[in-house]
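Written out below as structure tokens is the structure these notes cover.
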Amino acid sequence: MKIGVNTFGIGKLLREDFSGTLGELREAGITAIEPMVLFMGKEGGLAERLSTYTMSRIDQAAGVWPVASAGEMFDAVRAEGFAIRSVHMAGPGWKRNCIDRAIAFAKEQDIAYYVLSFNQSSVTEMAKEVAELKKAARRFRENGIGLLMHNHEAEWKDCGGENVFSFLMEQVPELDVELDVGWVKYAGLDCVEIMRQYRDRIRILHFKDVREGAGPRTRATCFTAIGEGSIPLADILEEAEEMDLDEVGFVLDQDASLGSMLEDIRVSVKNIRQGAGFSAKGKERYQGGLKLSLMTFPMIRDRMRRKLNLEELCSLIKESGLECVDIMEHEVKLYGGAAKVQQAFVDRGIRLECLISTISMIRGRDRAIKRGIHNALVMARELNCSMLMIVPFPQMAVRMPGLPSRQEMVANAIKYLRLAVIAGRKYGVKICIEDTPTCQLPLSSIAECREILAAVPGLGLAYDTANMIPAGDDPMEFYEKLKSRICHVHLKDVRKVREKGLDVCLDGRVLKSCVWGEGIVPIRRIVQRLEADGYSG
């Protein structure tokens, strides 16, 4: 699940240092921004229709963007690698004289949801808005835009046996919910019970936490980092596992901080991640479904710098609740060889799921390639591993002069992968390849993966869920077109950033790995599809 943040609480920070603040948010683990956009009917003369005081407050906050200039702000936010899925609508943007502009803006900016905050405790007053609200919700829905209600504590105030929240849920069935769990707790209600009651209407959870005993006298100073106050965070996260939330389903909405807002955000993200990762239902979902393995390659630098030994690696695997690993041939040598690694794995109850070997087939160096295949298969047998993934096109090759043509590289790979598959059968080892994120090399697209697989019977595919993105292919489409050859899966999520690197996309941005659910890969949909298709690897 991606974690976003609403701009209201961070408005001052954005005004003081826009780019720097976004950088701090990115480092904290925030991957989406939920802006507040002000609609006031006709775009011209906005300042004339608002009091000088109101305009100065908007300017000072920097968290509320007038629609006339919001597009530029959206571009700047997205250029920093953040997603924007939902927008808080300030002003009467849903009313008759504004709705056309709001719909057009949503389409221009690819907005999935508008969010309304009424902060209204009177059912009688709210009833006056119902007819127009129904029309607005229908019009937005007809144009592919969801309309959500964001609650404060006011909507839960009892008014003769009913409250504004339940009244609107009943009167406007097209209206869905962005549930603010902090205000639910502040109102004295059970967050989890409310989540269960409106499960089918909730699309986004607003995470706010308040200190124990928070009330009207302490309202301005009651806010704290998520998980450090009184909301039942673990229970909320566990219940969220069962809900059909948006891909940016968690949004931080801390109104104020007694200390550092950015530090509170860092703590909030950490607490949410830890809670989501270890919820009972999250574990339960995987125990009966996919078997999870750890790819150790990202830790190879620590090993080369002598910061990680074999015993520490095994402890890390077991402490993570995993029993399987994917390891590279080069790593095995760094850890002392196949015999030592195999014994350590046996002693700790760890199984090697896949051995990965880089055997360059870019040029047809016959003797070296055949020797590489033989050595990798011997090591796989010593490690009691039944799957060998060959990397025929190493990423670093793109920096070498005189790179052969793609046709020549593909022809070489087909020739030697056929030999590898035949040799693998003698050792009882399945040979597979993986899609690559490097556009300058083959295997970076659906078409090239399909070409090589079609030419090498018996060759399997290790499906990396992000590596096809630089070439412009979609992870789900890649799976559907090549699933008959998939024998192994590397679940990876990524963000697009403007940094230097090898995994360069067609738009010039670079892929950077991130926590599952916080990037652009539809991890949840992929896992659900794998399980539905009977994959259990």
Relative contact order (%) - the chain, alpha-carbon pairs under 8 angstrom, separation at least six: 10 percent
Amide H of GLY81: which non-local residues (sequence gap of 5 or more, or other chain) have their own amide H closer than 5 Å, using H built in the peptide plane? none
Kyte-Doolittle mean at least -1.0, axial Cα span of 20 Å or more - DSSP H helices of the chain: 261-277, 366-382, 406-427
When we measure straight from the Cα of LYS415, which lysines land under 30 angstrom away, once same-chain ones fewer than 8 places off are left out? LYS333, LYS370, LYS426, LYS430, LYS481, LYS483, LYS492
Residue-ordered couplings for the range 465-471, obtained by feeding phi - 60° into the Karplus form 6.51 cos²θ - 1.76 cosθ + 1.60 and rounding to whole Hz (Gly and Pro as x), are 6, 10, 5, 8, 5, x, 7
Take the Cβ-Cβ distance between ARG15 and LEU334 as r, set R0 to 45 Å, and report the resulting FRET efficiency rounded to the nearest 0.05. 0.35
Given backbone amide H placed at 1.01 Å from N, residues whose amide H is under 5 Å from that of MET149, ignoring those fewer than 5 places away on the same chain, are LEU116, ASP176, VAL177, GLU178
Any idea what the dipole of the chain comes to, in debye rounded to 20, about its Cα centre with Lys/Arg Cβ at +1 and Asp/Glu Cβ at -1? 2340 debye
One quarter of the C-alpha convex hull surface, i.e. the mean projected area of the range 378-524 in nm², amounts to 9.5 nm²
For ALA413, the net charge from surrounding residues (Cβ-Cβ under 12 Å; K, R +1; D, E -1) works out to +1
Correct choice for semi-axes √(5λ) of the Cα gyration tensor in Å that was computed from the model, options (i) 50, 25, 21; (ii) 47, 28, 20; (iii) 60, 31, 23: (i)
Based on the Cβ-Cβ distance from ARG425 to MET243, what FRET efficiency comes out when R0 is 51 Å, to the nearest 0.05? 0.60
Please list, in order along the range 431-443, the HN-Hα scalar couplings obtained from phi with the Karplus expression 6.51 cos²θ - 1.76 cosθ + 1.60 (θ = phi - 60°), rounded to whole Hz, x for Gly and Pro. 9, 9, 10, 10, 5, 10, x, 9, 5, 6, 10, x, 6
Please order GLU153, GLU212, GLU24 by the number of other Cβ within 10 Å, starting at the fewest. GLU212, GLU24, GLU153
So how far apart, in nm, are the two label points at ALA131 and GLU531 if each is 7 Å from Cα heading toward Cβ? 4.7 nm
Counting only residues 5 or more places away or on other chains, whose amide H sits under 5 Å from the amide H of GLU434 once H atoms are built in the peptide plane? ALA462
DSSP beta bridges in the chain: the antiparallel percent, rounded to 5, is 15 percent
What are the extents of the Cα atoms of the range 343-460 along their three principal axes, listed from largest to smallest and rounded to whole Å? 46, 29, 27
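No value in this document is a laboratory result; all are computed from the given coordinates. Worth saying up front: this structure is predicted, and the values here are computed from it rather than measured. Cβ sites come from the backbone with ideal geometry, for glycine too, and all protein chains shown count toward neighbours.
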